[in-house]
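Would you mind keeping the following structure in view while I ask a few things?
The values are calculated or read from the model by the stated rules, or taken from the named source; none is laboratory data. Being a predicted model, the structure only gives us computed values, none of them experimental. Here the Cβ is made from the backbone with ideal geometry for all residues, glycine too, and neighbour counts use every protein chain on show. Just so you know, the surface numbers come from the protein's heavy atoms only, side chains and all, with ligands and any DNA or RNA stripped out. Shrake-Rupley method; radii C 1.70, N 1.55, O 1.52, S 1.80 Å.
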Amino acid sequence: MAAEGMTPVEALALVGVIGVGAQWLAWRIQMPAIVLMLLAGLIVGPITGIFIPSRDIGDLVGPMISIAVAVILFEGGLTLNLHALQDAAKGVRRLVIIGAPMGWLTSTLAVHYGAGLGWEASAVFGGIMIVTGPTVIAPLLRQARLSRRPAALLQWEAIVNDPVGALAAVLAFGVVTVLSENEGGAAAAVHFFGGIFFATLVGWLAGRGIALAFQRALVPEYMKVPVLFVVLLAAFTISDRVLHESGLLAVTVMGLVIANAALPSYEELRRFKEHATILLVSGVFILLAAGLDMQALLSLDLRAVLFVGLVVLVARPLSVMVSLIGTTVPWRERVLVALTGPRGVVLMAVAGLFGERLVAMGVPDGAAIGPLAFALVASTVVINGFGLTPLASLLGLRAAEVPGVLLVGGTRLTTGLGAALKKAEVPVLVTDWNLGHLRHARAAGLQVFYGDILSEAAENKVEFIGFSTILAATDNDSYNTLVATDLAPEFGRDKVWQLPRVKSDSQRHALPVTLGGRRLGDGRTYDEFEALMIEGWTVRTTKLTEEYGFEAWHADRPLSVLLCVIGTNGDVRFVAQDSKQVPVAGARLIALSPPKSDGP
């Protein structure tokens, strides 16, 4: 099969299965997904020869990667909500305005003196290395559960610097082209800066046009995503026609404009784009890894190791530390940002593209850019993937060592449950839009947030990344359903819970079962739980042992309502009526029990 190759349809199917499968496996075993995708691409590509993109897909590989990178950067632009910047604003500006040029310079020196490439290839590759990969940073931040400000600093830097790095490579490549063809420098400069202005204008017009069309209902709901894709591709193509690779800037600006247009359908658009990005990132990594030349990979020697070391330990820390001089960013956060710089799909894609073009221009060192990019991406992802969490813990910059629980609704039940969780050293936050409802939680010493959990203020001030489980337990069934439905895509539907809704005999008042989160407890509603608390029922904690197991506890407390189980690893798992899992020894049970329990 390796000799004959595959049909394009078979090849694309293989790419999809391997890419998404690697991401799923990475989620199951808690590993950086990019590591498994790169390994899978190497195995099916240069190692076994089962899949060779240039042979099995042909000339479409390049355009496919270009469009995929454009969509990925557009999705990154959609996360650039200017209201969410706040504390990280000054630091991000410094990292872009000062850090990007300095990173370009230090990375170019690292390539030249570390890897031994000529100045032409070093300058082009050094520009690409500015990027830190938002598609890689985001899952690492979720895994490490960083505090809000350093997490925002890293995420915004990655998003903003992605197109900046691509454009730096364009500039360096343009200089190399001018020098090799003896063209006029002034004409080349006019062409370059004119192309940047044109790309920015195209992106702004495309984003503004989409925003106005959606706000004025000129596009029906079912056509919004197709129209968005078509305009995205048009903006990328038109801009690229004027200045090659400037389309990356155009689509990023387009995403930025849409993100800040306050569109009612923005969340649906963003989530659809996130799903599309997962598929595209998977495909691009498999294509790039499978397309690597095994001989070029084997040619990597100690100079490649020296190159990676210089980038990770010198170029990145130096540019970050110099950029943040004079800011209010604490030194611990500076150290964390300086030592966190994973590279991702944009670097791999753009490096491979420009490497081939340099070779075509007669710059032989261009052939080494692809393998070096692979070595840098693999090394930085492994280093940061396994080192970010310990580093953040050492510096005291994690939002929570143990995943916390977010309780929506300041009630007697959530106060009692929160106090029990806090006693078990589980971080708890109780939220309510009514300040008076939070008085019980305040009296119990619980951390509270006054405001709507779905508001923009909550998005900016609540460190959601420190919480893994949500319980919506207000006195309003519809609001509980709204909270659970809205937050489920972010936290995972198995981690979002709500109190059971009041059953209605009339279909006029019954909400669809597809809405909301998982139902807590044995079917009791808010009013029933509240009545029990008024009668004197209390939330109690019991630790299971080998001698006193779950069956013994249940026999001693037949009336108690089991609410959640804290596992031996500290994870909190709420309990539903139909739960089949039996808690093991060492777990702690949190239950609502009557005032005179007949058990010990």
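Six or more apart or on different chains, Cβ atoms under 6 Å: show the pairs whose first residue is in segment 422-437 and within 11 Å of Val448 (Cα to Cα) and whose second is of a type outside the set (Gly, Ala, Ser) and open to solvent by less than 10 Å² (accessible area, probe 1.4 Å).
Going by the 6 Å Cβ cut-off, the qualifying pairs are Val428/Val405; Val428/Leu421; Leu429/Leu406; Val430/Leu407; Val430/Thr414; Thr431/Val408; Thr431/Ile453; Asp432/Leu438.
Still on this structure, please answer the following. Filter segment 57-79 down to the residues that are closer than 17 Å to Phe272 by Cα, of a type outside the set (A, V, I, L, M) and either out of contact with any Phe, Trp or Tyr (no Cβ under 9 Å at 6 or more places or on another chain) or without any contact (Cβ under 8 Å) to a residue 40 or more places away in the chain (or both) and list them by number.
Glu75, Gly76, Gly77
Name the pairs whose Cβ atoms lie under 6 Å apart, with the first residue in segment 317-335 and under 19 Å from Ala151 (Cβ atoms), the second in a loop (DSSP other than H, G, I, E, B) and open to solvent by 20 Å² or more (accessible area, probe 1.4 Å), and 6 or more positions between them or separate chains?
What qualifies is Ser323/Ile98.
Restricting the search to segment 6-54, which residues are among the small types (Gly, Ala, Ser) and surrounded by 16 or more Cβ atoms within 10 Å (Cβ to Cβ)?
Across segment 6-54, the qualifying residues are Ala11, Gly19, Ala22, Ala26, Ala33, Ala40, Gly41, Gly45.
Follow-up question, since we're still on this one. Scan segment 436-464 residue by residue and report those that are open to solvent by less than 50 Å² (accessible area, probe 1.4 Å) and in a helix (DSSP H, G or I).
Selection gives Gly436, Leu438, Ala441, Ala457, Ala458, Asn460, Phe464.
Further question: Anything in segment 321-342 that is open to solvent by 10 Å² or more (accessible area, probe 1.4 Å) and either not aliphatic (A, V, I, L, M) or not in a helix (DSSP H, G or I) (or both)? List them, or say none.
Correct list: Ile325, Gly326, Thr327, Thr328, Val329, Pro330, Trp331, Arg332, Glu333, Arg334, Leu339.
Okay, next question. In segment 402-435, how many are modelled with pLDDT of 90 or more, within 25 Å of the chain's Cα centre (by Cα) and not β-branched (Val, Ile, Thr)?
3
Collect the residues in segment 541-560 that are touching a Lys or Arg at 6+ places or on another chain (Cβ under 9 Å) and buried (at least 17 other Cβ atoms within 10 Å of the Cβ), keeping them in residue-number order.
Thr542, Leu544, Arg557, Ser560
Looking at Val253, Val230, can you tell me which residue is assigned to a helix (DSSP H, G or I), modelled with pLDDT of 80 or more and open to solvent by 80 Å² or more (accessible area, probe 1.4 Å)?
Val230
Still on this structure, I have one more. Considering Val502, Val513, Val584, which residue is of a type in the set (A, V, I, L, M, F, W, C), modelled with pLDDT under 90, within 24 Å of Glu425 (Cβ to Cβ) and assigned to a loop (DSSP other than H, G, I, E, B)?
Result of the check over Val502, Val513, Val584: Val584.
Okay, moving on. Suppose the filter is among the acidic types (Asp, Glu), over 30 Å from Thr481 (Cβ atoms) and part of a loop (DSSP other than H, G, I, E, B); does Glu425 pass it?
Spelling it out, Glu425 is indeed among the acidic types (Asp, Glu), over 30 Å from Thr481 (Cβ atoms) and part of a loop (DSSP other than H, G, I, E, B).
If I filter segment 353-363 down to residues being open to solvent by 10 Å² or more (accessible area, probe 1.4 Å) and part of a helix (DSSP H, G or I), which single residue comes out as farthest from Ala123 (Cα to Cα)? First the steps, then the outcome.
Initially, segment 353-363 is screened for residues open to solvent by 10 Å² or more (accessible area, probe 1.4 Å), giving 353, 356-357, 359-363.
Next, only the ones that are part of a helix (DSSP H, G or I) stay: 353, 356-357, 359-360.
Numbers: Leu353: 15, Glu356: 15, Arg357: 14, Val359: 15, Ala360: 17 Å.
Residue satisfying both the conditions and the ranking: Ala360.
Based on this model, can you work out whether Val71 counts as modelled with pLDDT under 85, in a helix (DSSP H, G or I) and in contact with a Ser or Thr (Cβ under 8 Å, 6 or more places away or on another chain)?
yes
Select from segment 122-135 the residues that are at pLDDT below 80 and open to solvent by 10 Å² or more (accessible area, probe 1.4 Å) and list them in ascending order.
Within segment 122-135, Pro134, Thr135 qualify.
Can you name the residue in segment 287-320 that is outside any helix (DSSP H, G or I) and of a type in the set (A, V, I, L, M, F, W, C) and is also most open to solvent (accessible area, probe 1.4 Å) among such residues?
Step by step, filter segment 287-320, then rank; the result is Leu300.
Looking only at segment 237-260, decide whether some residue is within 16 Å of Leu78 (Cβ to Cβ), more than 23 Å from the chain's Cα centre (by Cα) and not charged (D, E, K, R). Please lay out each step first, then the result.
To start, the set of residues in segment 237-260 that are within 16 Å of Leu78 (Cβ to Cβ) comprises 248-260.
From what is left, the residues that are more than 23 Å from the chain's Cα centre (by Cα) are none.
No, there is no match, as no residue in segment 237-260 is within 16 Å of Leu78 (Cβ to Cβ), more than 23 Å from the chain's Cα centre (by Cα) and not charged (D, E, K, R).
Could you check how many residues of segment 364-394 are farther than 20 Å from Pro32 by Cβ and either under 19 Å from the mean Cα position of the chain (by Cα) or surrounded by fewer than 21 Cβ atoms within 10 Å (Cβ to Cβ) (or both)?
Number satisfying all stated conditions: 2.
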